[in-house]
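The values are calculated or read from the model by the stated rules, or taken from the named source; none is laboratory data. Treat the numbers as computed from the prediction; the structure is a model and nothing was measured. Because the Cβ atoms are built from the backbone with ideal geometry, glycine has one as well, and the counts that use them run over all protein chains shown. Side chains are part of the model used for accessible areas, which takes the heavy atoms of the whole protein and leaves out ligands, DNA and RNA. Shrake-Rupley method; radii C 1.70, N 1.55, O 1.52, S 1.80 Å.
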Amino acid sequence: ICPHSSPQIETHLYYPLPLQKKKADDTYEDYPNQCPLNEILKDTFFKNGKIVETLDEQNSIYCPQCSTDITEKNIQLTKAPGFLILQLARFVNNGAMSRKIETEISIPQDNLVITTINDAGKIEHHTY
(Lines give C-alpha, C1' and ligand atoms only; values in the text may rest on other atoms or scores of the structure.)
Protein backbone atom coordinates (compact mmCIF):
# COMPACT_ATOMS: atom_id res chain seq x y z
CA ILE A 1 0.00 0.00 0.00
CA CYS A 2 1.35 3.40 -0.99
CA PRO A 3 1.64 5.83 1.94
CA HIS A 4 1.60 8.92 -0.28
CA SER A 5 -1.47 11.05 -0.87
CA SER A 6 -2.58 13.68 -3.34
CA PRO A 7 -5.09 15.94 -1.56
CA GLN A 8 -7.60 17.55 -3.89
CA ILE A 9 -10.55 19.78 -3.12
CA GLU A 10 -13.64 18.94 -5.14
CA THR A 11 -16.78 21.09 -5.21
CA HIS A 12 -18.87 18.11 -6.29
CA LEU A 13 -18.54 14.36 -6.13
CA TYR A 14 -19.60 11.91 -8.81
CA TYR A 15 -19.54 8.27 -7.82
CA PRO A 16 -21.02 5.10 -9.32
CA LEU A 17 -22.86 3.48 -6.40
CA PRO A 18 -22.53 -0.32 -6.39
CA LEU A 19 -25.75 -2.18 -5.66
CA GLN A 20 -23.89 -5.10 -4.12
CA LYS A 21 -22.29 -5.34 -0.71
CA LYS A 22 -19.12 -7.15 0.16
CA LYS A 23 -19.50 -10.06 2.55
CA ALA A 24 -16.95 -11.23 5.13
CA ASP A 25 -15.63 -13.91 2.73
CA ASP A 26 -14.86 -11.22 0.07
CA THR A 27 -17.76 -12.28 -2.16
CA TYR A 28 -20.60 -9.94 -3.09
CA GLU A 29 -24.37 -10.14 -2.77
CA ASP A 30 -27.15 -7.94 -4.14
CA TYR A 31 -28.97 -5.62 -1.74
CA PRO A 32 -32.57 -6.73 -1.04
CA ASN A 33 -35.51 -5.04 -2.81
CA GLN A 34 -36.73 -1.74 -1.33
CA CYS A 35 -33.32 -1.21 0.25
CA PRO A 36 -33.03 2.35 1.65
CA LEU A 37 -30.48 4.53 -0.13
CA ASN A 38 -29.09 5.60 3.28
CA GLU A 39 -28.13 1.97 4.02
CA ILE A 40 -26.26 1.63 0.72
CA LEU A 41 -24.48 4.96 1.28
CA LYS A 42 -23.46 3.89 4.78
CA ASP A 43 -22.17 0.49 3.62
CA THR A 44 -20.40 1.78 0.52
CA PHE A 45 -19.09 5.24 1.20
CA PHE A 46 -18.77 5.91 4.81
CA LYS A 47 -17.04 3.02 6.52
CA ASN A 48 -14.42 4.72 8.64
CA GLY A 49 -15.28 7.98 6.88
CA LYS A 50 -13.66 6.92 3.62
CA ILE A 51 -14.77 5.87 0.20
CA VAL A 52 -12.51 3.01 -0.86
CA GLU A 53 -12.42 2.19 -4.55
CA THR A 54 -10.56 -0.85 -5.85
CA LEU A 55 -8.85 -0.12 -9.17
CA ASP A 56 -8.19 -2.75 -11.79
CA GLU A 57 -5.17 -2.99 -14.07
CA GLN A 58 -6.69 -0.64 -16.68
CA ASN A 59 -7.38 2.23 -14.27
CA SER A 60 -4.60 1.88 -11.68
CA ILE A 61 -2.71 5.02 -10.69
CA TYR A 62 1.07 5.27 -10.91
CA CYS A 63 2.83 6.80 -7.89
CA PRO A 64 6.15 8.39 -8.94
CA GLN A 65 7.27 8.68 -5.30
CA CYS A 66 7.31 4.93 -4.63
CA SER A 67 7.42 3.74 -8.29
CA THR A 68 4.40 1.44 -7.99
CA ASP A 69 0.94 1.11 -9.46
CA ILE A 70 -1.75 1.94 -6.91
CA THR A 71 -4.74 -0.43 -7.00
CA GLU A 72 -6.79 1.17 -4.25
CA LYS A 73 -8.08 4.72 -4.16
CA ASN A 74 -9.21 6.26 -0.87
CA ILE A 75 -11.42 9.33 -0.83
CA GLN A 76 -12.05 11.06 2.47
CA LEU A 77 -14.90 13.53 2.67
CA THR A 78 -13.98 16.43 4.95
CA LYS A 79 -16.99 18.52 3.99
CA ALA A 80 -20.33 17.54 2.53
CA PRO A 81 -20.31 18.32 -1.19
CA GLY A 82 -22.60 20.99 -2.59
CA PHE A 83 -23.65 18.46 -5.21
CA LEU A 84 -23.53 14.70 -4.85
CA ILE A 85 -24.20 12.82 -8.06
CA LEU A 86 -24.81 9.11 -7.61
CA GLN A 87 -25.03 6.70 -10.49
CA LEU A 88 -26.58 3.37 -9.60
CA ALA A 89 -24.09 0.77 -10.84
CA ARG A 90 -26.66 -1.79 -11.92
CA PHE A 91 -24.41 -3.96 -14.04
CA VAL A 92 -21.80 -6.40 -12.73
CA ASN A 93 -19.28 -8.19 -14.89
CA ASN A 94 -18.99 -11.94 -14.35
CA GLY A 95 -16.14 -12.75 -16.73
CA ALA A 96 -17.49 -12.90 -20.28
CA MET A 97 -21.05 -12.08 -19.19
CA SER A 98 -22.60 -9.12 -17.42
CA ARG A 99 -25.75 -9.12 -15.32
CA LYS A 100 -28.19 -6.35 -14.45
CA ILE A 101 -29.02 -5.93 -10.76
CA GLU A 102 -32.79 -5.48 -10.51
CA THR A 103 -32.86 -4.25 -6.88
CA GLU A 104 -35.42 -1.52 -6.21
CA ILE A 105 -33.94 1.32 -4.15
CA SER A 106 -35.99 3.34 -1.69
CA ILE A 107 -34.89 6.98 -2.04
CA PRO A 108 -35.93 9.30 0.80
CA GLN A 109 -37.60 12.63 -0.02
CA ASP A 110 -35.70 14.14 2.89
CA ASN A 111 -33.32 12.96 5.62
CA LEU A 112 -30.61 11.74 3.26
CA VAL A 113 -27.59 11.42 5.55
CA ILE A 114 -24.03 12.10 4.36
CA THR A 115 -21.18 11.41 6.80
CA THR A 116 -17.87 13.28 6.65
CA ILE A 117 -14.69 13.53 8.71
CA ASN A 118 -13.50 17.08 9.34
CA ASP A 119 -9.86 18.18 9.34
CA ALA A 120 -9.61 17.43 13.08
CA GLY A 121 -10.77 13.83 12.51
CA LYS A 122 -14.25 14.32 13.98
CA ILE A 123 -17.14 12.47 12.31
CA GLU A 124 -20.00 14.74 11.21
CA HIS A 125 -23.42 13.77 9.84
CA HIS A 126 -25.14 16.05 7.32
CA THR A 127 -28.84 15.63 6.60
CA TYR A 128 -30.33 16.79 3.29
Neighbours by Cβ (under 9 Å, 6+ apart or cross-chain): first from segment 53-73, more than 11 Å from residue 4 (Cβ to Cβ) and in contact (Cβ under 8 Å) with a residue 60 or more places away in the chain; second open to solvent by 100 Å² or more (accessible area, probe 1.4 Å) and assigned to a strand (DSSP E or B): 72/54
Odd one out for residue 32 among (1) open to solvent by less than 100 Å² (accessible area, probe 1.4 Å); (2) modelled with pLDDT of 70 or more; (3) outside any loop (DSSP other than H, G, I, E, B): (3)
Members of segment 92-120 that are of a type in the set (Gly, Ala, Ser), over 20 Å from the mean Cα position of the chain (by Cα) and not in a loop (DSSP other than H, G, I, E, B): 98
Scan of segment 71-91 for residues that are in a strand (DSSP E or B), at pLDDT below 75 and hydrophobic (A, V, I, L, M, F, W, C), ordered by number: 75, 83, 84
Pair list, Cβ under 6 Å, 6 or more apart: segment 24-35 residue in contact (Cβ under 8 Å) with a residue 40 or more places away in the chain and under 8 Å from residue 104 (Cα atoms), other residue small (Gly, Ala, Ser) and surrounded by 10 or more Cβ atoms within 10 Å (Cβ to Cβ): 34/106
Residue check for residue 44: surrounded by fewer than 11 Cβ atoms within 10 Å (Cβ to Cβ), within 18 Å of the chain's Cα centre (by Cα) and without any contact (Cβ under 8 Å) to a residue 40 or more places away in the chain: no
Criterion: among the aliphatic types (A, V, I, L, M), touching a residue at least 12 places away in the same chain (Cβ under 8 Å), open to solvent by 50 Å² or more (accessible area, probe 1.4 Å) and out of contact with any Phe, Trp or Tyr (no Cβ under 6 Å at 6 or more places or on another chain) - qualifying residue of 117, 123: 123
Filter result (modelled with pLDDT of 75 or more and among the hydroxyl-bearing types (Ser, Thr, Tyr)) within segment 35-70: 60, 62, 67, 68
